[in-house]
Amino acid sequence: MSGRSLWRDKTQLPEHMPLDGDITADVLVIGGGMAGLLTAYMLTRAGADCVLVEADRLCGGVSGDTTGKITALHGAVFDKLIREFGVGRTRAYFEANSEALAEYKRLCRDIDCDFEERDAYVYSPDDAEVIRREAEALRRIGAPAELSDCPGLPFETGAAGKLPGQAQFAPLRFAAGIIPGLKIYEHTKVRELIGTDAVCDGGRIRAGKIVVATHFPFINKHGFYFLKMYQHRSYVLALSGAPAVGGMYVDAKKKGMSFRDAGEYLLVVGGAHRTGKKGGGSCELEAFARRYYPDAEIRYRFATQDCMTLDGMPYIGRYSSGTEGLYTATGFNKWGITGSMVSAMLLSDLILGRKNKYEAVLSPYGGSGMPRTSLRPQLAANLAEALLGWITPTTPRCPHLGCAMKWNAAEHTWDCPCHGSRFDAHGELIDNPATGGLRNLNR
């Protein structure tokens, strides 16, 4: 059984040299995950002089541990979004993700990445009413949703909503297909931004515009993303010898389970919890597998981490209202593959001076009659978690903003419950927003 994702085990991305000297570019993209790669790909294809820098290896973070679902069906969220934002803005969000799916379909015609169209389902084991409301919400925004059963799942469900024509793929094989022709520097950490100049290990990059695509934005003095987001971990088992489920399934509950086939494997996802807090973890999945798939074998075990926003929509656009030429894409709320394409399409339009009808919908601070407030219940929860982390008198402390770290015995990592930074047992950085390792480590 591998501790790596099956995507990492089966795909080797090309290596790139670190930056060595000062350079200039029209656009600098910081972060070599799916969002950064797609943004650089679209800008380069449009003729912009674009450079991408990655502190480690391409797709070395969350993009290499995703489940590879490409869908506009994001769980049971649309009924809530209509109540929060109205039908028009919710329809725009759905359409942005549907256009992202269509663009993946177009690109994947020329990329060998196990792309397959699949129906997507949101189900509930015990609450048919929440599914009925969600299906009705989807129909109100023009989605071809229908009520269904769950033909591929091994247990009884109360009801399910079905959205046909969605897709899945092998994300790192897709990434390998869009990398050729891009200007990329790996092992190049950005130490400081001075306007749109980036001071990096190995040199300085003078850019006209900068995109921060680092999963969790690392600049604290603008945008206040450390208050507007928290991070959430989910765990994945890849089973061999389990029956195929046929479609892509997600539980209506945030801490429920999801499923998809991946060639000879069945991916089972669950055990979710806020980073730094206790949750079911992979033990919950193993118990599920023993009960429902007793003849299956666990071949891969891995985990992924997602940035969760205050209102359920991602933050894509200008980094803040006061930063000219600086952009970000973050807060994909567990749907980072589709969100990465939405980001690339939107940000490339903004940078190239083209109109994009989703700018005001997804902007971190709103616009054009669509204000976006941060005064939501989740903000109070994030503030309370940060305050608790600051006043807890233990070490080590997170180098991001000084919160007390929690030891994760199941994964042998140090996790920050405030903002989701993670470190290995030796204090080396695994997940941001921290930019350096732990000090004074003794456990």
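The values are calculated or read from the model by the stated rules, or taken from the named source; none is laboratory data. Remember, it's a predicted structure, so these values are computed and weren't measured experimentally. Glycine gets a Cβ as well: all are built from the backbone with ideal geometry, and neighbour counts include every protein chain shown. The protein model used for the area step is the full one, side chains on, heavy atoms only, and it has no ligands, DNA or RNA in it. Shrake-Rupley method; radii C 1.70, N 1.55, O 1.52, S 1.80 Å.
Looking at the stretch 254-268, which of its residues are under 16 Å from the mean Cα position of the chain (by Cα) and open to solvent by 20 Å² or more (accessible area, probe 1.4 Å)? Step through it out loud before you land on a result.
Taking the stretch 254-268 as the starting set, the residues that turn out to be under 16 Å from the mean Cα position of the chain (by Cα) are 254, 258.
Scanning the stretch 254-268 gives a single hit, K254.
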Checklist entry - List the pairs whose first member sits in the stretch 343-371 and is among the aliphatic types (A, V, I, L, M), whose second member is assigned to a loop (DSSP other than H, G, I, E, B), and whose Cβ atoms are under 7 Å apart, counting only residues at least 6 apart or on separate chains? => result L346/N356; L346/Y358; L350/N356; L352/A46; L352/A48; A360/S368; L362/M313; L362/P314
Item to check | Among residues of the stretch 214-248, those that are touching a residue at least 12 places away in the same chain (Cβ under 8 Å) and either part of a loop (DSSP other than H, G, I, E, B) or hydroxyl-bearing (S, T, Y) (or both), counted | outcome: 22
Checklist entry - Does G276 qualify as being surrounded by fewer than 22 Cβ atoms within 10 Å (Cβ to Cβ), outside any strand (DSSP E or B) and at pLDDT below 95? => result no
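Out of curiosity, is L362 modelled with pLDDT of 90 or more and touching a helix residue (DSSP H, G or I) at 6+ places or on another chain (Cβ under 6 Å)? Please lay out each step first, then the result.
On the way: modelled with pLDDT of 90 or more: yes; touching a helix residue (DSSP H, G or I) at 6+ places or on another chain (Cβ under 6 Å): no.
Criteria not met by L362.
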Checklist entry - Quick one: is R301 in a strand (DSSP E or B) and of a type outside the set (S, T, Y)? => result yes
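Restricting the search to the stretch 88-125, which residues are of a type in the set (V, I, T) and free of Cβ contacts under 8 Å to residues at least 60 places away in the same chain?
Taking the stretch 88-125 as the starting set, the residues that turn out to be of a type in the set (V, I, T) are 90, 111, 122.
Selection gives T90 alone.
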Checklist entry - Considering the stretch 399-422 alone, what residues qualify as being more than 13 Å from F226 (Cα to Cα) and touching a Leu at 6+ places or on another chain (Cβ under 9 Å)? => result P399, A404, M405, W414, R422
Checklist outcome for this item: Of the residues in the stretch 311-335, those that are of a type in the set (A, V, I, L, M) and open to solvent by 20 Å² or more (accessible area, probe 1.4 Å) come to none
Checklist outcome for this item: Expected single match for open to solvent by 10 Å² or more (accessible area, probe 1.4 Å) and free of Cβ contacts under 8 Å to residues at least 24 places away in the same chain among D197, D251 is D197
Checklist entry - Can you pull out the residues in the stretch 162-180 that are small (G, A, S) and either outside any strand (DSSP E or B) or within 11 Å of F115 (Cα to Cα) (or both)? => result A167, A170, A175, A176, G177
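For the stretch 124-145, give me each residue that is among the charged types (D, E, K, R), in a helix (DSSP H, G or I) and more than 16 Å from G165 (Cβ to Cβ). Give the steps one after another, and end with the answer.
So the first thing to find is which residues in the stretch 124-145 are among the charged types (D, E, K, R), and the list is 126-127, 129, 132-134, 136, 139-140.
The next check asks that each one be in a helix (DSSP H, G or I); those that pass are 129, 132-134, 136, 139-140.
Scanning the stretch 124-145 gives E129, R132, R133, E134, E136, R140.
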